[in-house]
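> Before I ask anything, here is the structure I am working with.
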């Protein structure tokens, strides 16, 4: 990977295709993932091509984790999950992003990690209606 | 779960058995996980029984994520992984902790998430020697 900031050619997070954007800020954006069996699975994506959390400076890290925490709290308020899961992996797609995932007893593989085999792919909520609801709830996030 | 702070009876992170502690602070501790096939897999465990990241206030969250970032940077410096993975799941054990996991092409299931099936359980490094090395490197972390 040549660039650690700016844009990396060929990176799917630098040049996204069909993202369902819920909120967009100067430094990061929130999208609703398309993950059948997991209602409300969101991602917070750092806009610049940064590889690791520790590549951010303290103020940037504070901003990102503030957005993650507020998104987590919004999803708890909106959906009352049993537990929240957070993860920044990116082993095959090394552009900093946090998965923010509400877990329900009815989800695809509760209580196992979401990356284990899905036992079903049934979502309970209408994805478009959920996106609209979360967009409204996330309007108060700080843009920068 | 009755308590969100303090100690929760029956929680394995409140009353740990055989943790390999690398560093201990007033608010959180760092342990070397026992995960065959994954060299250097660490956990940062919040000492009090807190459920979600968003249950911390901003200063606490900043402290925790500062420790996570410094641990990540220490592991990168010590082991030169291909990528770092971070995750706070706890679906079955809801006591706030972050997995901080160096990923290598030789690890148990690279580049898949560590929670998918392990294709082998071979560690390359001696665990006790690695623990000593990381303990030395983590001495500079801020205790509070």
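> Placing the label point 7 Å from Cα along the Cα-to-Cβ direction, what are the distances from residue B:27 to the equivalent spots in the other copies, shortest first, in nm to one decimal?
Result for residue B:27, in nm, nearest copy first: 1.7.
> Right, another one. What's the average, rounded to a whole number, of partner chain beta-carbon atoms within 10 Å of each residue's beta-carbon in B:87-99?
Values: counts 9, 8, 12, 6, 14, 6, 2, 4, 0, 1, 0, 3, 1.
If you average over the peptide's residues, the count of other-chain Cβ atoms is 5.
> Still on this model: Among rounded, prolate and oblate, which fits the protein assembly as shown when a ≥ b ≥ c are the square roots of the eigenvalues of its C-alpha gyration tensor, a/c under 1.5 means rounded, and a/b larger than b/c means prolate?
rounded
> Moving to a separate point now. Please give the helix A:58-79 orientation as an angle from the longest Cα principal axis of chain A, in degrees from 0 to 90, rounded to the nearest 10.
In chain A, helix A:58-79 runs at an angle near 10 degrees to the longest axis.
> Would you work out if the range B:65-118 is rounded, prolate or oblate? Take a ≥ b ≥ c from the square roots of the eigenvalues of the alpha-carbon gyration tensor; rounded if a/c is under 1.5, else prolate when a/b is larger than b/c, oblate otherwise.
Working: a/c = 3.27, a/b = 1.09, b/c = 3.00.
Oblate, since a/c reaches 1.5 and b/c is not below a/b.
> With contacts defined as alpha carbon pairs under 8 Å and 6 or more residues apart, what's the relative contact order of chain A in percent? Show your work: numbers first, answer last.
On the way: 236 pairs, mean separation 40.2, N = 144.
Normalised by residue count, the contact order of chain A is 28 percent.
> Shifting gears a bit: Using a label position 7 Å from Cα in the Cα→Cβ direction, what is the ascending list of nm distances from residue A:140 to the same site in the other copies?
Spelled out, the distances from residue A:140's label point are 4.0 nm.
> Run the helix sum for the protein assembly as shown: -39,500 (n - 2.57) per DSSP H stretch of 4+ residues, divided by residue count, reported at 222 nm to the nearest 500 deg cm²/dmol. Walk me through the intermediate numbers first.
Numbers: 4 runs with 67 residues, N = 288.
When only DSSP H runs of four or more count, the value is -8000 deg cm²/dmol.
> How many angstrom separate the Cα center of the range A:74-101 from the Cα center of the range A:34-60?
If you average the Cα positions of each part, the centres end up 8 Å apart.
> Pairing the Cα long axis of helix A:127-137 with the longest principal axis of chain A, what angle in degrees results, from 0 to 90 and rounded to the nearest 10?
Long axis of A:127-137 versus the principal axis of chain A: about 60 degrees.
> Rg to Rh for chain A: what is it, with Cα atoms only and Rh by Kirkwood?
On the way: Rg = 15.0 Å, Rh = 15.7 Å.
The Rg/Rh ratio comes out at 0.95.
> Which whole-number percent gives the relative contact order of the range B:19-102, counting Cα pairs below 8 Å spaced six or more residues apart? Walk me through the numbers on the way to the answer.
Values: 130 pairs, mean separation 25.6, N = 84.
The normalised contact order for the range B:19-102 reaches 31 percent.
> Say a label goes 7 Å from Cα toward Cβ at residue A:129 in every copy; what distances in nm does this one have to the rest, shortest first?
List, nearest first: 6.0 nm.
> Dividing the alpha-carbon Rg of the range B:17-77 by 2.2 N^0.38 Å yields what? Write out the running numbers ahead of the final one.
On the way: Rg = 12.2 Å, N = 61, 2.2 N^0.38 = 10.5 Å.
After normalising by residue count via 2.2 N^0.38 Å, the value is 1.16.
> Now for a separate question. How do A:32-39, A:46-53 rank on mean C-beta neighbours within 10 Å, highest first? Write down the numbers at each step before the final one.
On the way: A:32-39: 18.1, A:46-53: 20.1.
My ranking of the peptides, most packed first, is A:46-53, A:32-39.
Where a number appears in this text, it was derived from the coordinates with a stated rule and is not lab data. A quick note: this is a predicted structure, and the numbers were derived from the prediction, not measured. Here Cβ is always computed from backbone atoms with ideal geometry, including for glycine, and neighbour counts include all displayed protein chains.
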